[in-house]
Amino acid sequence: QWIYLDGEFVTKENAKVSVYDHGFLYGDGIFEGIRIYGGNIFKCKEHLERLYDSAKSIMLNIPLPIEEMQDVLLETIRKNELQDGYIRLIVSRGPGNLGLDPLRCPKASVIIIVEQLAIYSEEAYRNGLRTVSVAERRNIPDALNPKIKSLNYLNNILVKIKANLADVGEAIMLNAQGYVTEGSGDNIFLVKKGVVYTPPCYLGALEGITRGAIMELCQKLGLTLKEEPFSLHDIYVADEVFFTGTAAEVIAVREVDGRIIGSGQAGPVTLSLLENFRKIVTEDGVK
Ligand code: PLP
């Protein structure tokens with residue numbers, strides 16, 4: 001396995017960063033998780049645009065132009081001879097001193113890891129996940145806007161710990177007003193009476209690329225989609241609930257806080273979106 005590290009390819013064992021890297025010291029950096037399907041980088045442009053937007057927002061200078069970053073991604077995939085897998089692209093503020101000041105970090109570090117990916121079983125896609133809602137609040141747009149895919153995932157990790165303690169696959173975050181925002185690493189949708197709903201990102205969610213692809217698919221399939229705030233009550237009484245994300249794709253939720261959702265299995269809209277999503281993943285991307 002070859003890892004891209006600041007312009008060089010190194011083995012996994014030799015892929016090391018400095019303890020003075022502000023990504024490590026402060027979570028000062030950004031990242032993307034991207035899928036490769038049949039050698040195709042799915043929604044490459046969208047992921048790179050989100051990365052460069054995150055960088056601009058936090059005044060992080062990525063040392064490669066966006067076009068070159070795409071070539072480096074393709075080269076890393078080729079070098080690893082991977083047809084299907086996951087790309088983790090990280091840009092950290094780079095090594096500096098112990099102070100917070102990013103001006104002390106002369107050069108950002110770029111790291112690309114590509115790996116095989118196995119997340120949920122086919123059984124999980126058919127039967128859906130059990131989930132709980134948690135007290136941790138998703139920060140609504142403030143200094144650290146959730147649109148920035150930053151290396152600060154501690155809040156999401158606390159949520160994942162809650163999910164682990166409840167022995168469920170994912171957890172649901174609300175914002176300070178009590179509106180549903182997203183999961184610890186996925187966006188959320190519900191289906192009620194044939195209409196598909198997802199919360200607007202301004203409530204406090206990452207603008208997920210899979211979310212965007214599913215919204216487009218809804219339109220293509222003639223499903224009515226509404227971007228509207230909703231509460232846990234709406235989730236409990238929904239016909240279907242599902243998460244979307246680069247790793248999870250489209251995964252049904254069969255239980256929330258002990259309430260069984262719909263039939264207690266993946267519903268027809270969720271399964272149709274998953275099937276159609278898996279058809280488009282090799283079409284919309286870069287080879
Ligand atoms: N929400 C959060 C907090 C995430 O970390 C992710 C994963 O990247 C998502 C949602 C889903 O976004 P995407 O579909 O772009 O992977």
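Is it true that some residue in the stretch 2-10 is modelled with pLDDT of 95 or more and in contact with a Gly (Cβ under 8 Å, 6 or more places away or on another chain)?
no
Looking at ALA248, ALA213, ALA266, which one is in contact with a Phe, Trp or Tyr (Cβ under 8 Å, 6 or more places away or on another chain) and either of a type in the set (D, E, K, R) or away from the ligand (no atom under 16 Å from the Cβ) (or both)?
The conditions single out ALA266.
Could you list all residues from the stretch 138-157 that are touching a residue at least 40 places away in the same chain (Cβ under 8 Å) and either among the β-branched types (Val, Ile, Thr) or more than 16 Å from the ligand (Cβ to nearest atom) (or both)?
ILE140, ILE148
What are the pairs, 6+ residues apart or on separate chains, where a residue within the stretch 231-245 that is in contact (Cβ under 8 Å) with a residue 12 or more places away in the chain has its Cβ under 6 Å from a residue that is assigned to a helix (DSSP H, G or I) and of a type in the set (Ser, Thr, Tyr)?
Within 6 Å, the pairs are GLU240/THR270; PHE242/THR270; THR244/THR210; GLY245/THR210.
Out of LEU82, LEU60, report the one residue that is over 21 Å from SER109 (Cβ atoms), surrounded by 17 or more Cβ atoms within 10 Å (Cβ to Cβ) and more than 16 Å from the ligand (Cβ to nearest atom).
Matching residue, one of LEU82, LEU60: LEU82.
Return only the number of the condition from (1) surrounded by fewer than 17 Cβ atoms within 10 Å (Cβ to Cβ); (2) within 19 Å of the chain's Cα centre (by Cα); (3) among the β-branched types (Val, Ile, Thr); (4) over 20 Å from GLU207 (Cβ atoms) that ILE280 does not satisfy.
(4)
Only one residue in LEU25, LEU51 is out of contact with any Lys or Arg (no Cβ under 6 Å at 6 or more places or on another chain) and more than 15 Å from the ligand (Cβ to nearest atom), so which one is that?
One residue alone meets the criteria, LEU25.
If ALA135 satisfies every condition in (1) modelled with pLDDT of 95 or more; (2) more than 12 Å from the ligand (Cβ to nearest atom); (3) assigned to a strand (DSSP E or B) but one, which is the exception?
Unmet for ALA135, out of (1) modelled with pLDDT of 95 or more; (2) more than 12 Å from the ligand (Cβ to nearest atom); (3) assigned to a strand (DSSP E or B): (1).
Anything in the stretch 158-191 that is assigned to a strand (DSSP E or B) and within 13 Å of the ligand (Cβ to nearest atom)? List them, or say none.
Selection gives GLU170, ALA171, ILE172, MET173, VAL180, THR181, GLU182, GLY183, ASN187, ILE188, PHE189.
In the stretch 239-269, what residues are touching a helix residue (DSSP H, G or I) at 6+ places or on another chain (Cβ under 6 Å) and among the small types (Gly, Ala, Ser)?
Result: GLY245, ALA252, ALA266.
Do you know which residues across the stretch 74-103 are out of contact with any strand residue (DSSP E or B) (no Cβ under 9 Å at 6 or more places or on another chain) and within 26 Å of ILE148 (Cβ to Cβ)?
ASN97, LEU98, GLY99, LEU100, ASP101, PRO102, LEU103
The values are calculated or read from the model by the stated rules, or taken from the named source; none is laboratory data. The structure presented is a predicted model; accordingly, all values stated were derived computationally and were not measured. Positions of Cβ are generated from backbone atoms using ideal geometry, with glycine treated the same way; all protein chains shown enter the neighbour counts.
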